[in-house]
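The values are calculated or read from the model by the stated rules, or taken from the named source; none is laboratory data. Remember, predicted model here, so these are calculated numbers, not experimental data. All Cβ positions, even for glycine, are placed from backbone atoms using ideal geometry, and neighbour counts span all protein chains on display. These accessible areas exclude ligands, DNA and RNA; they are computed on the full protein's heavy atoms, side chains included. Shrake-Rupley method; radii C 1.70, N 1.55, O 1.52, S 1.80 Å.
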Amino acid sequence: TRGLEVVEHTLSFASLAMGETTENVARNVDIYSYRTPLGVCAGIAPFNFPVMIPLWMYPVGITLGNTYIMKPSEKVAGASKILAELLTDAGFPKGVVNFVHGGRDTVNNICDHPKIKAISFVGSNQAGEHIWKRGTQNGKRVQSNMGAKNHGVILADADKEDTLNAMTGAAFGATGQRCMALSTAIFVGDAQAWIPEMVERAKKLTISIGTDEGVDLGPLADKGLHQRVRGIIKNAEKEGAKVLVDGSDYKHPKYPEGNFIGPTIIDHVKTDMECYKEEIFGPVLVIVRADSFDEAIEIVNNNRWGNGGAIFTRSGGNARKFQHETNIGQIGVNLPIPVPLPMFSFTGNKDSFLGDLNFYGKAAVQFYSQWKTITSRWKEDSQAAEKMSTAMPTYK
């Protein structure tokens with residue numbers, strides 16, 4: 001749905017991409033600017049949202065007059081075939097959007113090709129930092145949206161049922177394979193008494209393949225990710241954490257070879273532990289306990305990532321304090337996954353983003369276009385020629 005919303009919002013770009021003009025800045029001189037396409041742009045998408053993320057990329061680029069090269073993840077290449085067919089059915093000329101497949105070599109070719117002027121990326125920090133460095137060294141614009149460790153701060157004055165339901169959905173939805181998952185819960189003070197109820201919610205979630213009815217969690221994307229997530233869970237207890245719900249050894253009765261990890265909750269986590277420092281990208285919620293609200297804010301601010309986070313409270317004052325004192329890019333107030341609607345931009349920060357112009361919204365109009373400015377002088381036929389001057393033109 002969010003992908004379609006971004007596509008729909010591009011229909012309003014005619015007003016967002018308007019230029020500007022000032023008449024008679026000097027005698028008979030007008031200045032006007034307008035936005036022009038960059039030329040060829042490219043998008044490199046991850047496996048976890050093989051339709052939505054590309055729809056945050058090429059529809060925006062082509063609406064602003066560019067042609068586009070879209071590289072989907074090699075793990076989910078089939079979705080791009082559907083997108084290409086939709087473009088064909090809609091009557092797009094061949095060559096406006098081009099899908100290319102491959103791994104590292106394909107990515108490097110995109111970063112190096114002189115005709116590609118801008119690259120939009122979503123994925124891991126390892127890949128995103130490489131693409132940003134290599135792309136910018138070749139003179140390209142790059143927006144690199146990368147990893148996250150999003151915190152949900154839970155105060156004792158919050159609506160308990162609403163909060164625990166929101167945290168459960170945000171932590172375990174999409175099997176934790178999304179950069180806006182609330183993968184860390186900070187229970188503050190008396191709210192720590194709610195943890196057992198959080199555990200009971202996790203235990204009730206249904207695990208199976210996505211085509212089955214009533215499924216809450218599916219399998220992880222591949223065996224490598226499964227082994228990594230399982231290893232982090234196993235290591236947490238060795239580091240001193242307490243695994244309240246352990247899904248690391250889960251085997252589905254019907255699909256025993258599937259890459260399933262059951263809902264997992266790790267309590268008494270410290271910020272120097274692997275399960276806290278790493279983006280796990282699986283159905284794992286880590287719980288950090290804080291004695292005060294100020295301590296919770298300090299934990300959020302000291303984390304390397306800044307994609308987003310949320311606070312759950314009935315206090316407007318506490319909500320505003322969290323909004324103003326945390327250094328993360330996207331904040332939810334009693335709302336677990338604060339992905340902005342497309343009239344705004346996706347504004348992760350710190351180690352979650354490299355670049356200076358964000359995904360979709362007004363920032364995307366700037367990212368996919370450039371200014372052209374014309375200073376124009378038309379003198380009347382009856383006017384004498386200007387005297388020769390070597391000075392810079394001035395207002396007069």
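Of the numbered criteria (1) farther than 18 Å from Val288 by Cβ; (2) in contact (Cβ under 8 Å) with a residue 60 or more places away in the chain; (3) under 27 Å from the mean Cα position of the chain (by Cα), the one Asp157 fails is (3). Please name all residue pairs, on different chains or six or more residues apart, with Cβ atoms under 6 Å, provided the first residue is in the stretch 313-340 and is farther than 20 Å from Phe359 by Cβ and the second residue is open to solvent by 30 Å² or more (accessible area, probe 1.4 Å) and in a loop (DSSP other than H, G, I, E, B). Close Cβ pairs (under 6 Å, with a partner that is open to solvent by 30 Å² or more (accessible area, probe 1.4 Å) and in a loop (DSSP other than H, G, I, E, B)) amount to Thr313/Asp157; Arg314/Asp157; Ser315/Asp157. Among the residues making up the stretch 18-32, those that are modelled with pLDDT of 95 or more and surrounded by 15 or more Cβ atoms within 10 Å (Cβ to Cβ) are Asp30, Ile31. Within the stretch 87-107, the residues that satisfy the criterion of being within 20 Å of Pro46 (Cα to Cα) and surrounded by fewer than 13 Cβ atoms within 10 Å (Cβ to Cβ) are His101, Gly103, Arg104, Asp105. One residue stands out in the stretch 108-165 among those that are under 22 Å from Pro46 (Cα atoms) and among the charged types (D, E, K, R): the one that is most open to solvent (accessible area, probe 1.4 Å), namely Lys133. If a residue has to be of a type in the set (Gly, Ala, Ser), in contact with a helix residue (DSSP H, G or I) (Cβ under 8 Å, 6 or more places away or on another chain) and in a loop (DSSP other than H, G, I, E, B) to count, how many in the stretch 199-245 make the cut? Here the count works out to 3. Taking the criterion of being among the polar types (S, T, N, Q) and either in contact with a Pro (Cβ under 7 Å, 6 or more places away or on another chain) or in a strand (DSSP E or B) (or both), the residues of the stretch 18-35 that qualify are Thr21, Thr22, Asn24, Ser33. Scanning the stretch 37-60 for residues that are part of a strand (DSSP E or B), small (Gly, Ala, Ser) and either at pLDDT below 95 or open to solvent by 10 Å² or more (accessible area, probe 1.4 Å) (or both) yields a total of 0. Listed by position, the strands (runs of 3 or more DSSP E) enclosed by the stretch 246-358 include none that has at least 3 residues that are small (Gly, Ala, Ser).
This table checks each residue for (1) crowded, with 19+ Cβ neighbours inside 10 Å; (2) of a type in the set (Lys, Arg); (3) farther than 30 Å from Asp291 by Cα; (4) at pLDDT 95 or above.
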site: Phe187; (1), (2), (3), (4): yes, no, no, yes
site: Asp190; (1), (2), (3), (4): no, no, no, yes
site: Glu213; (1), (2), (3), (4): no, no, yes, no
site: Leu220; (1), (2), (3), (4): yes, no, yes, yes
site: His226; (1), (2), (3), (4): no, no, yes, yes
site: Ile232; (1), (2), (3), (4): yes, no, no, yes
site: Val243; (1), (2), (3), (4): no, no, no, yes
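Note on the stretch 343-396: residues that are open to solvent by 90 Å² or more (accessible area, probe 1.4 Å), touching a residue at least 24 places away in the same chain (Cβ under 8 Å) and among the aliphatic types (A, V, I, L, M) amount to 1. The residues on offer are Glu274, Glu278, Glu295, and the sole one that is more than 15 Å from the chain's Cα centre (by Cα), of a type outside the set (Phe, Trp, Tyr), surrounded by fewer than 18 Cβ atoms within 10 Å (Cβ to Cβ) and farther than 27 Å from Leu220 by Cβ is Glu295.
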